[in-house]
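Structure first, then comments.
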Amino acid sequence: MDHLIEGYRIYREKRWPELQALHRRLAERGQSPKTLVIACADSRVDPATIFNAGPGELFVVRNVANLAPPFEQGAGFHGVSAAIEFAVLQLKVETILVLGHAQCGGVAAALEDRPRNPNSFLDAWIGLLDKAKARTAGIESERASALEHESIRVTLENLATFPFIEQAIAERGLSLVGMRYGVADGGLELLDPKTGAFNPVL
Ligand SMILES: [Zn+2]
């Protein structure tokens, strides 16, 4: 806790003076970010840092393994889906970016051969990776890397099942984008929707 308070004091002293005017504008006019980022909760993968983005630029949802469920109706606390709905229908973002990463602990957990605990929120959530896991079943070398890539593709497919996303794609050109960040080397890969391959961003 002391570390956080100390960090805040440094922020107020060093960064706030130059951010103050921007924050005042954002407070008066509201936010209008162009991009919704769905990223992993992993502490090493901060979208604002990776994309050199300032306050007001990115609307970010972070969860274990940067997943989005398919469209589901019915009761429940659909936190990720609620944030997606707000970003698409209220903020009218132009792009939804699914940002995966290397060395993802959520992906590694999905690859463990152990029975799932029915009382674990995490085990239930990781079940969203089952489809991607099945598609990478034949891969022996670097399976985790293959699953990290495939899970981004599956999440993009899941997003396309939301009726309001489908509508926004058709009516105003909302785009769905996949990327994977290399924690060790800082490299970024971009999914080519035509070929389905991830290519380095140079
Ligand atoms: Zn992760």
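What follows draws every value from the coordinates through simple rules; no lab data is involved. As the structure is a prediction and not an experimental result, all values here were calculated from the model. Note: ideal-geometry Cβ built from the backbone for every residue, glycine included; neighbour counts use all protein chains shown.
Give me the net charge of E94's neighbourhood, meaning all other residues with Cβ under 14 Å from the Cβ of E94; Lys, Arg count +1, Asp, Glu -1. Neighbour charge sum, excluding E94 itself: +1. Per-residue Karplus couplings for segment 33-42, computed as 6.51 cos²θ - 1.76 cosθ + 1.60 with θ equal to phi - 60°, are listed in order as x, 8, 10, 9, 10, 9, 10, 6, 6, 3 Hz, Gly and Pro entered as x. The residue among G74, L19, T35 whose Cα reaches farthest toward the positive pole of the charge dipole of segment 1-79, with charges on the beta-carbon of Lys, Arg, Asp and Glu, is L19. Look at the Cα gyration tensor of segment 163-202: its axes a ≥ b ≥ c give a/c of at least 1.5 with a/b over b/c, and that counts as prolate.
The alpha-carbon of K131 sits under 22 angstrom from the alpha-carbons of these lysines, leaving out residues fewer than 8 places away in its chain: K194. In a Gaussian network model over the chain where Cα atoms closer than 10 Å are linked, find which of D113, D42, D192 has the largest mean-square fluctuation. Result: D113 has the largest fluctuation of those listed. Placing +1 on the Cβ of every Lys and Arg and -1 on the Cβ of every Asp and Glu, with no other charges, gives the chain a dipole of roughly 480 debye about its Cα centre.
The GluC sites (Glu not before Pro) found in segment 100-202 that occupy coil by DSSP, while having at most 16 further C-beta atoms within 10 Å, are E112, E140, E142. Relative to the longest principal axis of the Cα atoms of the chain, helix 143-159 runs at roughly 70 degrees. Once the Cα atoms are used to define both axes, helix 16-29 deviates from the longest principal axis of the chain by about 80 degrees. Comparing segment 107-189 with the 2.2 N^0.38 Å rule of thumb, its C-alpha radius of gyration ratio is 1.29 (two decimals).
Shape verdict for segment 72-158, please, from the Cα gyration tensor: rounded (a/c under 1.5), prolate (a/b greater than b/c) or oblate. Taking the square roots of the gyration eigenvalues as a ≥ b ≥ c, segment 72-158 is oblate. Each 10 Å bin from zero holds the following percent of Cα-Cα pairs in the chain: 8, 31, 34, 20, 7, 0. In plain terms, if you count all Cα to Cα distances in segment 67-114 and split them into 10 Å steps from zero, the share in each step is 19, 37, 34, 9, 1 percent. Rg then Dmax, both in Å and based on the Cα atoms of segment 6-79: 15.8, 47.
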